[in-house]
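Enquirer: Have a look at this one.
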Amino acid sequence: KKASSEKLAGERWDIMSRSTQQLKDRKLSEGALREGDTITSFNLPDVNGNLVSLDQILEEGHAVISFYRGGWCPYCNMELRALQQILPQIKEAGANLIAISPETPDNSLTTSEKNELSFSVLSDVDNQYAKSLGLVFQMPAELQELYASFNLDVKKHNGNDDFELPMPATYVVSKSGKVIKAFVPEDYTERLDPEEVLSALENI
């Protein structure tokens, strides 16, 4: 974050900071799925187009679900790689790890291969599932223009032109479907520390 603020100092960083502050002012996270809630199921395609069901995952054990904005987001890639590093411990705790983004399956495959991920990366096209959990917002026009100046084609990645993204939420869910840990930041530069994921699993 420090490196980005130095590289993008000035109007560009101000636009990004202002967009984040707008989400905080709206208190968007307060309407999202939270600790103690029961999560609804999903049927979403993986990078090979195979449907993955949360119900089936929970039949096997607990779940760690990470929502990310897209493979074009450096913070998301750092988080995905960090989760990959603790995947053995997650499995030892009797859980499966799933990452979900609004990217199309082809772009999710690129993200998975680029970060050498060995867990399921699912496509929530049009953010239908993320919307049901209260995680979705629309990018402000000035942020859309800024990303375009970075050659970040969000429309191409998501296969639509709605410019909607999920907050980068992380949920630790017990086998019963109860949310044990919920981390839902309006600020996309904030991510749940992997050690807290493991701690939440240990507490189930």
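The values are calculated or read from the model by the stated rules, or taken from the named source; none is laboratory data. Model, not experiment: these values are computed from the prediction. When we count neighbours, we look across all protein chains shown, and the Cβ atoms used for this are built from the backbone with ideal geometry, even at glycine. For the accessible areas, the whole protein counts, side chains as well, though only heavy atoms, and no ligand, DNA or RNA atoms are used. Shrake-Rupley method; radii C 1.70, N 1.55, O 1.52, S 1.80 Å.
Enquirer: Would you work out if region 50-127 is rounded, prolate or oblate? Take a ≥ b ≥ c from the square roots of the eigenvalues of the alpha-carbon gyration tensor; rounded if a/c is under 1.5, else prolate when a/b is larger than b/c, oblate otherwise.
Expert: Taking the square roots of the gyration eigenvalues as a ≥ b ≥ c, region 50-127 is oblate.
Enquirer: Give me the extension gain from ASN50 to GLN85: residue separation times 0.36 nm, minus the current Cα-Cα distance, reported in nm with one decimal.
Expert: Gain on extension, ASN50 to GLN85, equals 10.1 nm.
Enquirer: Got the relative contact order for the chain handy, in percent, Cα pairs under 8 Å and 6 or more residues apart?
Expert: Once divided by the residue count of the chain, the mean separation gives 29 percent.
Enquirer: For a 24 Å ceiling on Cα separation, which of these pairs sit above it: LYS91/LYS114; LYS7/LYS181; LYS131/LYS178?
Expert: Going by Cα-Cα distance, LYS7/LYS181 fall outside the 24 Å limit.
Enquirer: What does the accessible area per residue of region 48-122 come to in Å², with a 1.4 Å probe and no ligands, DNA or RNA counted?
Expert: Each residue of region 48-122 exposes 42 Å² on average to a 1.4 Å probe.
Enquirer: Ranked highest first by average number of other Cβ atoms within 10 Å, how do 21-28, 55-62, 132-139 line up?
Expert: Per-residue Cβ counts within 10 Å, averaged per peptide and sorted highest first, yield 132-139, 55-62, 21-28.
Enquirer: Mark the label point 7 Å from the Cα of ASP126 along Cα→Cβ and return the residues of region 5-34 whose backbone N is within less than 11 Å of it.
Expert: It comes to no residues whatsoever.
Enquirer: A further question on this structure: So how much slack lies between SER4 and GLU202, counting 0.36 nm per residue of separation and subtracting their Cα-Cα distance, in nm?
Expert: Using 0.36 nm per residue and subtracting the Cα-Cα distance, I get 67.8 nm.
Enquirer: In whole percent, how big is the carbon plus sulfur part of the accessible area of the chain, probe 1.4 Å, protein atoms only?
Expert: 45 percent
Enquirer: If you don't mind, there's one more thing I want to ask. At a probe size of 1.4 Å, how large is the accessible area of ARG18, to the nearest 10 Å²?
Expert: So the heavy atoms of ARG18 present about 110 Å² to solvent.
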